[in-house]
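J.: Before anything else, here's the structure in question.
The values are calculated or read from the model by the stated rules, or taken from the named source; none is laboratory data. Quick caveat, the model's predicted, so the values are computed rather than measured. Every residue, glycine among them, receives a Cβ derived from its backbone with ideal geometry; neighbour counts consider all protein chains shown. In case anyone asks, the SASA skips ligands and DNA or RNA and just uses the protein heavy atoms, side chains included. Shrake-Rupley method; radii C 1.70, N 1.55, O 1.52, S 1.80 Å.
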Amino acid sequence: MGRIKRLDPVVSSQIAAGEVVERPASVVKELVENSLDAGATRILVEFEDAGLEMIRVSDNGCGMSREDALLATERFATSKLSSIDDLSSIGSLGFRGEALPSIASCSRLLLETRGEDGDTGTEVLVEGGVLVRSAEKGLPQGTTVTVRDLFYNTPARLKFVRSRSSEKQAIVDTVMRLALAWPDVSFTLKTGGKTILRTSGQGLENALMDVFGPEAASSFSPVSWCEGGLEISGFAGNPSYYRRQRDRQVFSVNGRPVKDPVLGRALDYAYLGLIPHSTYPAAVLDIRLPYDQVDVNVHPTKAQVRFRDEHALRRGIRHAIAGALSGRALAAGRREDEWPLETGSGPSKGPAAGSYQAPSGFTFPGKAREAPPQYRDPLSTLRELVTAGGELPPRAPSLTGENAEAGLTGHSWAYLGSMADTYLLASTGSSLIIIDKHALMESLVYRAMLKGESGSQDLLMAEIIRLDPVEASVYEDYADVLAETGFGSRLVGERTVMVTSVPMVLGKALPPQSIKEVLEKLAAEGKNPRVSPERMLDAARMATAACHASVRAREPLSREEAEALVIALEAQPEAATCPHGRPATWELTLEEIGEYFGRSSRKGRTRV
């Protein structure tokens with residue numbers, strides 16, 4: 001008897017579901033995409049317990065007849081393909097006919113729908129891939145799909161679900177990206193009876209304000225570019241609105257939200273030299289191109305696509321961003337009156353715009369140019385200052401041991417001066433130490449918080465801060481962590497928080513807006529599976545330390561403040577490494593200095 005046999009249909013459907021239904025957010029994505037394909041203009045998404053207990057998606061789309069509703073729960077039943085040739089020109093978001101049956105195989109799925117020509121609606125209940133009942137029901141036009149007890153019959157899958165906070169964030173992020181990709185559709189997202197996100201469905205500019213808030217939306221510039229069959233539209237973040245993560249990068253290809261590395265790298269290249277190293281630009285871009293120029297059938301969840309001409313796409317993104325930034329003289333954050341305009345080699349004319357004028361200081365990435373001064377590598381600035389004969393403060397102690405004690409009374413180290421308002425120079429008597437002011441401040445603040453040496457300062461007037469949907473979700477989950485870090489706050493609206501006190505560390509209070517930076521860090525940390533409360537508290541401390549150091553680094557230090565930093569480093573040598581593991585100091589011994597100047601051999605003998 002042969003060993004190979006056909007799998008039971010229920011088992012095979014659950015295996016297939018593993019490709020489509022990775023997590024609760026995958027269910028939300030598939031159901032919302034079905035609603036969009038049905039022509040819905042209003043979509044309501046509700047969920048409980050991070051989507052594991054319940055997910056419901058309701059729309060006002062075209063709906064289905066009884067016959068179609070029954071077929072929709074069977075595998076490979078779809079209205080969007082009829083032949084193999086259709087795969088090369090897919091215009092819909094869904095097309096495989098796998099979503100509903102895959103979801104139904106690992107949950108209890110209730111489908112309620114009425115078509116535009118029907119007098120009554122249809123109700124279909126499927127549990128674990130098995131049809132339980134179907135019946136007529138009075139319903140409005142449209143479709144509502146309710147998914148309960150996700151993964152109830154696949155306990156192994158349930159074990160690998162991430163933390164509730166992580167899954168909740170994923171759902172919010174999924175709906176947020178779909179709302180920005182389809183700005184003419186009104187989205188509402190609710191959980192626990194609270195509305196997390198609501199968009200008006202009145203265009204992308206309004207959607208940006210609905211999702212990110214009016215203040216953040218004002219930091220974007222419109223993008224409109226067209227060449228041949230490629231169209232790129234949307235909004236690009238100003239260089240000053242850079243992020244530490246890619247959380248504000250939203251790409252859609254023919255209306256399909258994607259997270260594609262090709263698009264991310266192209267956007268990074270478009271901002272090359274305009275934003276600091278290891279940061280990311282913000283952008284919401286919709287890319288339209290002929291359907292046969294993109295393959296959307298290369299990923300199980302359709303999260304990535306493959307382009308026929310990646311070079312043309314990268315070039316298009318660079319030109320589109322260049323046009324948006326140069327049009328408002330925003331490259332490198334310069335003021336408009338600082339740009340001498342001249343004709344640039346812009347993109348080909350689009351439908352409604354001719355060639356644009358590019359600032360003389362702005363060139364497309366790939367051409368040789370000098371990076372903007374405010375974003376230059378600090379080390380290169382330091383080298384130029386030294387080459388130009390930059391002087392240390394007068395009466396600075398010498399690098400030799402004889403005068404070291406003259407710098408800081410009662411201490412063996414001597415403060416010598418600063419370079420480029422970024423680095424501090426100190427002598428230990430036997431070596432020269434170059435100190436990264438920002439990194440040292442961050443390290444000292446973090447260690448002070450670990451030792452319980454931080455506090456909280458009440459604000460004279462409470463400040464109202466508006467959060468984006470992901471930040472609001474994180475706030476609800478980790479409000480106690482924020483309180484332990486030093487933020488006194490409470491929700492006063494769906495996505496509005498009132499800050500009444502802020503962390504006070506080393507005699508310096510943080511600005512209230514820094515709560516958003518801490519929430520951003522917590523959101524990133526919360527994506528890790530089964531993250532512990534202790535780890536989240538540590539992440540909040542690191543984010544607070546980074547905010548504190550960032551604020552102090554922008555302020556010029558008096559000599560007394562600089563000397564205090566040097567004394568603190570001498571007393572806490574472990575602070576020579578910042579919380580992220582980066583060095584905060586660079587030490588050059590007298591032997592190394594002498595060897596560089598040819599005054600000592602490798603054996604340490606002094607040359608005459």
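J.: Can you work out the accessible area per residue across the stretch 122-237, with the rest of the protein chains kept in place, probe 1.4 Å, in square angstrom?
T.: Per-residue accessible area for the stretch 122-237 comes out at 41 Å².
J.: Which order do Tyr269, Tyr478 take by accessible area at a 1.4 Å probe, largest first?
T.: If we order Tyr269, Tyr478 from most to least accessible, we get Tyr269, Tyr478.
J.: Let me ask another. With a 1.4 Å probe and every protein chain left in place, work out the accessible area per residue of the stretch 21-63 in Å², rounded to a whole number.
T.: I get 29 Å² per residue for the stretch 21-63.
J.: Using square roots of five times the C-alpha gyration tensor eigenvalues, list the equivalent-ellipsoid semi-axes of the stretch 162-209 in whole Å, biggest first.
T.: The answer is 22, 12, 7 Å, longest axis first.
J.: Could you please state how large a percent of the accessible area of the stretch 163-209 is carbon and sulfur, counting protein chains only and using a 1.4 Å probe?
T.: Result for the stretch 163-209: 46 percent of the exposed heavy-atom area is carbon or sulfur.
J.: Now for a separate question. Ignoring any ligand, DNA or RNA, what whole percent of the accessible area of the stretch 461-513 comes from carbon and sulfur when the probe is 1.4 angstrom?
T.: Using a 1.4 Å probe with all protein chains present, the stretch 461-513 comes out at 53 percent carbon and sulfur.
J.: If Arg243, Arg490 are ordered by their accessible area, calculated over protein heavy atoms with a 1.4 Å probe, which sequence runs from highest to lowest?
T.: If we order Arg243, Arg490 from most to least accessible, we get Arg490, Arg243.
J.: How much of Cys62 can a 1.4 Å solvent probe reach, expressed as accessible area in Å² and rounded to 10?
T.: Estimated to the nearest 10 Å², Cys62 gives 50 Å².
J.: Summing Lys, Arg as +1 and Asp, Glu as -1, what charge do residues with Cβ under 11 Å from the Cβ of Leu424 carry, Leu424 excluded?
T.: Net local charge, Leu424 excluded: -2.
J.: Per-residue accessible area for Thr422 at 1.4 Å probe radius, Å² rounded to 10?
T.: Solvent-accessible area, nearest 10 Å²: 40 Å².
J.: Using the scaling law 2.2 N^0.38 Å as the reference, what is the normalised Cα Rg of the stretch 183-295?
T.: 1.13
J.: Compare Arg306, Arg559, Arg256 by solvent-accessible area with a 1.4 Å probe and give them largest first, with all protein chains kept in place.
T.: Arg306, Arg559, Arg256
J.: If every alpha-carbon in the stretch 222-287 counts as one equal scatterer, what log10 I(q)/I(0) does Debye give at q = 0.12, 0.22, 0.25 1/Å?
T.: Ignoring solvent entirely, the Cα scatterers give -0.28, -0.93, -1.16.
J.: Let me ask something else. A 25 angstrom limit on the alpha carbon distance is what I want to check against. Which of Lys194/Lys259; Lys137/Lys159; Lys194/Lys508; Lys168/Lys516; Lys437/Lys521 exceed it?
T.: The answer is Lys194/Lys259; Lys137/Lys159; Lys194/Lys508.
J.: State in Å² the accessible area per residue of the stretch 434-505; use a 1.4 Å probe, count heavy atoms of protein chains only, and round to the nearest integer.
T.: Solvent-accessible surface per residue comes out at 41 Å².
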